[in-house]
Amino acid sequence: MKRTTVCVLLRFLPNQIGSERECAVVYRGDASSPTDTRRRKESMRKILETITLVGLGYLCALTAYVLYGPDPLPDRIPIHFDLAGHPDGYGPTTDLALAPFAAFVLYMIITVLARYASLTFHHEHETTAGRERLESLGLGMIAWIKAELMGIFVCIEMTSIQSSKHPDQAISLVGIWILAGAVLVSITGYIAAMLRAALTRSKPSHPDGVVAEL
């Protein structure tokens, strides 16, 4: 039975249950345990990490193939585009190597920050449960941002390559804009959740999976 359903039903019971503003929520039945929730979040972070590494590997392989493969690009390639997808900035072909290098450096920096996430959020909440909640949110945000940024690097590299092969065609930048928007949504959503977690007092727990709410 859902938490909200139990709360609503208990408010219609006799007064000995408590005042109208009080209800007891029983975590049984289809409710997930904190351990199961933690495992699901860890599994999702591993999936996102795998996607990020696959994207990084693909980016490096694509760049190596374009630079040293049998189908060379022109000496100058587009490296900047206007909002309509037309190139308005050019550079040498070797500039393509900047994308995987920057992606790798950024990946390492963010990964190191993720390793110290527990220290970053250690003083943000009084209780252990609160610290774990903030740490979980921080790690989740970092995992999503890494995957989305890697997608942006791949899209930028593919856009430059495609434009250099078809200089007369406008290139769609929809993928880059979608991923950039996804980064903003991830940051905004997770920061809002972290602020709520930091400002909300942890509720006292009781034996047999019962939690009292006011």
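Every number in this text was worked out from the coordinates using simple rules, so none of it is lab data. From a predicted model like this one, the values you see are computed outputs, not experimental measurements. Positions of Cβ are backbone-derived with ideal geometry, glycine not excepted, and every protein chain shown enters the neighbour counts.
Classified by the C-alpha gyration tensor, the range 34-201 has a prolate form. Its axis ratio a/c, with a ≥ b ≥ c, is 1.5 or above, and a/b is larger than b/c.
Distant-in-sequence amide contacts of Tyr90, defined by a placed amide H-H separation under 5 Å and a gap of 5 or more residues or a different chain, comprise Ile79. Which net charge results when you count Lys and Arg as +1 and Asp and Glu as -1 among the other residues whose beta-carbon is under 15 Å from that of Leu96? Charge balance near Leu96 sits at -2. Just to confirm a number: summing +1 for Lys and Arg and -1 for Asp and Glu over residues other than Thr188 whose beta-carbon lies under 14 angstrom from that of Thr188, what do you get? So the environment of Thr188 carries a net charge of 0. With a Förster radius of 25 Å applied to the C-beta separation of Phe104 and Val183, the computed FRET efficiency comes to 0.85. Along the axis of the charge dipole computed for the range 34-201 (Cβ charges of +1 for Lys and Arg, -1 for Asp and Glu, origin at the Cα centre), the listed residues Ser172, Ala84, Leu56 are led at the positive end by Leu56. Ordering His86, His80 from the fewest to the most neighbouring beta carbons within 10 Å gives His80, His86.
Couplings 3J(HN,Hα) of the range 39-53, computed from phi: 5, 5, 5, 5, 5, 5, 5, 5, 5, 5, 5, 5, 4, 4, 5 Hz, in residue order, whole Hz [Karplus 6.51 cos²θ - 1.76 cosθ + 1.60, θ = phi - 60°; x for Gly and Pro]. Think of the range 34-201 as having a plus end and a minus end, set by charges on the Cβ of Lys, Arg, Asp and Glu; of Leu106, Val66, Thr37, Thr37 sits farthest toward the positive end of this dipole.
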